[in-house]
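The values are calculated or read from the model by the stated rules, or taken from the named source; none is laboratory data. In this text, all values refer to a predicted model and were calculated from it rather than measured experimentally. Glycine also receives a Cβ, built like all others from the backbone with ideal geometry; neighbour counts cover every protein chain displayed. Ligands, DNA and RNA are excluded from the accessible area calculation, which covers all protein heavy atoms including side chains. Shrake-Rupley method; radii C 1.70, N 1.55, O 1.52, S 1.80 Å.
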Amino acid sequence: MIPGSEKAHQLRVQILAGGISHERDISLKSGRRVADALTDAGAFVVIREPDEHLFAHIAEDKPDVIWPVLHGASGEDGSLRDILTLAAIPFVGATAASARLAWDKAIAKVLVSRAGIQTPPSVTLPKETFRELDAEQVLDQVSKHMTFPVVVKPARSGSAQGVTIVEDATHLSRAMIDAYVYCDVAIIEKFISGTELAISVINEGAGSIALPAVEIEPRHGRFGYDERVVAGEINYYVPARLDHSIVAKSEKLAIKAHEELGLRHLSRIDVIVDEAGVTWFLEANVAPGMTETSLMPQAIQATGASLGQVYLSLAEAARLGRG
Amino acid sequence: MSNETPRGNNFDHWLDSYAARANTLSVSEVRALFAVVSRPEVVSLAGGMPYVSALPKELMEASFDSMMSERGNFALQYGGGQGDLRLRDQIREVMALEGIHASVEDIVITTGSQQGLDLLGGLFLDAGDVVLAESPSYVGALGIFRHYEAHVEHLVTDDQGLDPDDLERSIKELRAEGRRIKFLYLVPNFGNPSGVTLSEERRHRIVEICRREHILILEDNPYGLLYFGEKPPVAMRSYEEDCVIYLGSFSKILAPGLRVGYVLAPPAIRDKLVLANESALLSPSTFTQMLISEYLAKSDWQGQIDTFRGIYRERRDAALEAMAEYLPHLETTRPDGGFYLWVTLPEGIDSKAMLPLAVTELVAYTPGTAFYANGGGRSNLRISFCYPTPDNINLGIKRLANVINRQTELLETFGTN
């Protein structure tokens, strides 16, 4: 290669996708989409599994930057990011410590509420609580102090897996069991009726900016796993159909949550706007989906920018230690 | 300025254009969870993948070389809708092992027997028609019946196979309701997923009932030659030619990647199958048909089936031993051939809901719900012993036991079992 030629500056990106998680399928699809867009934008991209060959692949690929497009445990819980930090390889997205905190929905709720962001009242219950105390009495207490419907969800999981909207106390125990299948800690949260917004936040090195909020309108009233992965099941609106001032306020809230949680180059903050126009933080996504029906790519395209250029600038920011 | 309501983007601009039957195609969380099966750390007891590593590659290479040198230009060309004549003649030899004597004229080659089922669905099923099936029944067939908007009625099935008394009763009841019954669908040998074999006495009774009631039997027999001890009873098609449509496959006795199956049908139905095949595909792959034909002509294919039997018998034994060691309290079928064990879980455990936990513990299985069209099978799961090594089968069932025990503990905590 001739020094100084265009090729000499081609950014080398290693995408990590797949992994052993319940969201492996989505991760693989997301990884391929990010790879396609980066390649179109001129980067040299290799997709790898985060497996026992990780270090050999890093030595072979010599990436300038790694992009973990990994969902679920190890991808979002910070462990892999710790390893990449130890290996002194720049990577896109939250640091290990931040990812670890944000990935746990219960901890993320505490952190953002301390920063003055509203999040629905909830109770966090490890599985052991029910084992040590009498489960029936615990559920009775919960039922007495919470207004139904409630949302039961695993504290650490994604893509709405293990999530149940519970209309009354009789269905609470089944929902807890379904959540504990994914994670040993479950959250019971007040159900807020309203308009769901997904707000992607990116930082290309010049500060966090919110991309246009994407409004989510499920065709059949539910935004569960199946609806997320099947084209046609959800209507997405960008810009959202809410009042401009409410959308602007929500986007500001998303930036604040992103920064409080220290999510660096990218995140997706999910909120709900209730009928009174109040925006509630629901959760932060450390490694948002990047498939053809995912929310962050929609938000980027709504700005008129190309996915490839935005991904490339995020990768560059990571390489240069910005963001 | 337009006052139109914003339409939003649903990522499918053709949503209003699909045929109604497209709604029968669905994805599920279970399907997504199976993505982890490709990771080597995960022991998959889920898919029914034949152990093709036991097929000496030199056998296929020799078949390929001789096919290309002797019939290469034909192998690369379009063929007929009924399939290669020489292969159809050889299929007669394969079917003779199951007691069937048939004319080459009545055999239609298909792209796997799955396509044969699909062609039959297209020829016979109108929306609302009834297909009678075992409890549980093969998931791939249920998908086809659902696609043609048929209603599947599961019949009582025990360790001797489908219960003829329930068949008679159900036919009577369904007809009293004005329902139109088109097929009785059966996997009579080492069934998928149950592993159960239909007894000889019941086969005769079922044929007699269906002949009398004018109901076509779809005898789907991919596993019949993979017996571990005694051969199963001869195929129903061997003594009933008019009301039995027989489906065979090379997927389990050779290799599924070749995608070659066949249908043996009464002449009038055969004619329509050929037309349907031509309409769907022009012709099944000439290339793989001729490859199989060379393999059957020049190798010890029966010896190879015997090798497969030995491997699968060892794996069945490993699975049953592991079940006895780690999950002795669970009821399981004890198949004399084929690929599968059908396990009944402790009261209250939902196999579909438990699957994410299993994936976390690096083991995968198929939830019983996949094998019912009516939501049944929650308390069952299918274990496939065909692909993992005996050591991995043991490890997988050990992990599965851990998962079941954890789930049992959770249910006990909540008092829901």
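Keeping all protein chains in the complex and leaving out DNA, RNA and ligands, what accessible area do you get for A:H53 with a 1.4 Å probe, in Å² to the nearest 10?
Rounded to the nearest 10, that gives 90 Å².
If every alpha-carbon in segment B:36-107 counts as one equal scatterer, what log10 I(q)/I(0) does Debye give at q = 0.24 1/Å?
Once normalised to I(0) and log-transformed, intensities are -1.08.
Run the numbers on chain B and let me know its relative contact order in percent, using alpha-carbon pairs under 8 Å that are six or more apart. Please report the intermediate quantities before stating the final value.
Working: 756 pairs, mean separation 96.6, N = 417.
This gives 23 percent for chain B.
Please say if segment B:1-130 is rounded, prolate or oblate, where rounded means a/c under 1.5 for a ≥ b ≥ c the square roots of the C-alpha gyration tensor eigenvalues, and otherwise the choice is prolate for a/b larger than b/c and oblate otherwise? Each step should come with its number before you reach the end.
Values: a/c = 2.14, a/b = 1.66, b/c = 1.29.
Note, shape of segment B:1-130 comes out prolate.
Kindly provide the Kirkwood hydrodynamic radius of chain B in Å, to one decimal, from all pairs of distinct alpha carbon atoms. If you can, show how the numbers build up before the last one.
Working: mean 1/r = 0.0439 Å⁻¹.
For chain B, the Kirkwood estimate is 22.8 Å.
Which sequence of A:W280, A:W67 reflects their accessible areas, 1.4 Å probe, from the largest down?
On the way: A:W280 35, A:W67 5 Å².
The ranking, largest first, comes out as A:W280, A:W67.
Highest GNM mean-square fluctuation, chain B, Cα pairs closer than 10 Å: which of B:G83, B:G178, B:G140?
Between B:G83, B:G178, B:G140, it is B:G178 that shows the largest mean-square fluctuation.
For segment B:340-411, give the magnitude of the charge dipole about the Cα centre (Cβ charges: +1 Lys/Arg, -1 Asp/Glu; no others), in debye to the nearest 20.
Working: 6 positive and 5 negative charges, 20 e Å.
Dipole size: approximately 100 debye.
Determine the per residue accessible area of chain B with all protein chains present and a 1.4 angstrom probe, expressed in square angstrom. Provide the component values of the computation, followed by the final result.
Working: 17700 Å² over 417 residues.
I get 42 Å² per residue for this part.
By accessible area of protein heavy atoms, probe 1.4 Å, what ranking do B:L33, B:L281 get, highest first?
Numbers: B:L33 5, B:L281 65 Å².
The ordering from most to least exposed comes out as B:L281, B:L33.
Can you give the average number of partner chain beta-carbon atoms within 10 Å of each beta-carbon in peptide B:351-363, as a whole number?
On the way: counts 0, 0, 5, 3, 2, 11, 4, 1, 6, 8, 0, 1, 0.
Neighbouring Cβ atoms belonging to other protein chains average 3 per residue here.
What fraction of the DSSP beta bridges in segment B:199-310 is antiparallel, stated in percent and rounded to the nearest 5? Provide the component values of the computation, followed by the final result.
Details: 4 of 8 bridges.
That works out to approximately 50 percent antiparallel.
To the nearest hundred square angstrom, how large is the accessible surface buried between A and B, total for both chains, probe 1.4 angstrom?
Working: alone 14800 and 19320 Å², together 31040 Å².
Rounded to the nearest hundred, the buried surface is 3100 Å².
Using a 1.4 angstrom probe on protein heavy atoms only, which residues from segment A:139-180 are buried by at least 40 Å² of accessible area when all chains are present rather than their own chain alone?
Relative to the lone chain, where solvent access is computed with a 1.4 Å probe, segment A:139-180 loses at least 40 Å² at A:R174, A:I177.
For segment A:57-194, what is the accessible area per residue in Å², given a 1.4 Å probe and the full set of protein chains? Spell out each step's value before the answer.
On the way: 5600 Å² over 138 residues.
Result: 41 Å² of accessible area for each residue.
Quick check on the protein assembly as shown: of the DSSP beta bridges with both residues there, what percent are antiparallel, nearest 5%? Walk me through the numbers on the way to the answer.
Working: 59 of 87 bridges.
Bridges in the protein assembly as shown are about 70 percent antiparallel.
As a test of reading the structure, rank A:E167, A:E204 by solvent-accessible area (1.4 Å probe, protein chains only), most first. Display every interim value, and only then the final one.
Details: A:E167 120, A:E204 80 Å².
Reading off the accessible areas and sorting them downward yields A:E167, A:E204.
Please average, across the residues of A:22-28, the number of beta carbons from any other chain that are within 10 Å of each residue's own beta carbon, and give a whole number.
Values: counts 10, 4, 10, 8, 2, 1, 2.
Taking the mean over all residues of the peptide, I get 5.
How large is the dipole of chain B about the Cα centre if only Lys and Arg carry +1 and Asp and Glu carry -1, each at its Cβ, rounded to the nearest 20 debye? Provide the component values of the computation, followed by the final result.
Details: 39 positive and 56 negative charges, 99 e Å.
In debye, rounded to 20, chain B gives about 480.
At 1.4 Å probe size, with the rest of the protein present, what percent of the exposed accessible area of the protein assembly as shown is carbon and sulfur atoms? Could the numbers behind the result be given before it?
Working: 15660 of 31040 Å².
Percent of accessible area from carbon and sulfur atoms in the protein assembly as shown: 50.
Using the Cα atoms of the protein assembly as shown, I'd like the radius of gyration and the largest Cα-Cα distance, Dmax, both in angstrom.
Answer for the protein assembly as shown, Rg first and Dmax second: 28.7, 85 Å.
At R0 = 56 Å, how high is the FRET efficiency between A:A248 and B:N405 if r is their beta carbon distance? Nearest 0.05 is fine. Intermediate results must be reported in sequence, preceding the final value.
Working: r = 52 Å, r/R0 = 0.94.
My answer for the efficiency is 0.60.
For chain B, give me the percentage of DSSP beta bridges that are antiparallel, rounded to the nearest 5 percent.
Working: 20 of 38 bridges.
Here the share of antiparallel DSSP bridges comes out near 55 percent.
Hey, what's the Cα Rg ratio for chain A versus the globular rule of thumb, 2.2 N^0.38 Å?
Numbers: Rg = 20.0 Å, N = 323, 2.2 N^0.38 = 19.8 Å.
Compactness ratio reported: 1.01.
Based on the Kirkwood radius over alpha-carbon pairs, what value in µm²/s does the Stokes-Einstein equation return for the translational diffusion coefficient of segment B:260-367 at 10 °C and 1.306 mPa s?
On the way: Rh = 18.5 Å.
This corresponds to a translational diffusion coefficient of 86 µm²/s.
Throw me the Rg/Rh for segment A:72-190, computed over C-alpha atoms with Kirkwood Rh, two decimals. Each step should come with its number before you reach the end.
Numbers: Rg = 16.1 Å, Rh = 15.4 Å.
Using Cα coordinates only, the ratio equals 1.04.
Using a 1.4 angstrom probe and counting only protein chains, how large is the accessible area of B:L25 in Å², to 10?
Using a 1.4 Å probe on the heavy atoms, I get roughly 120 Å².
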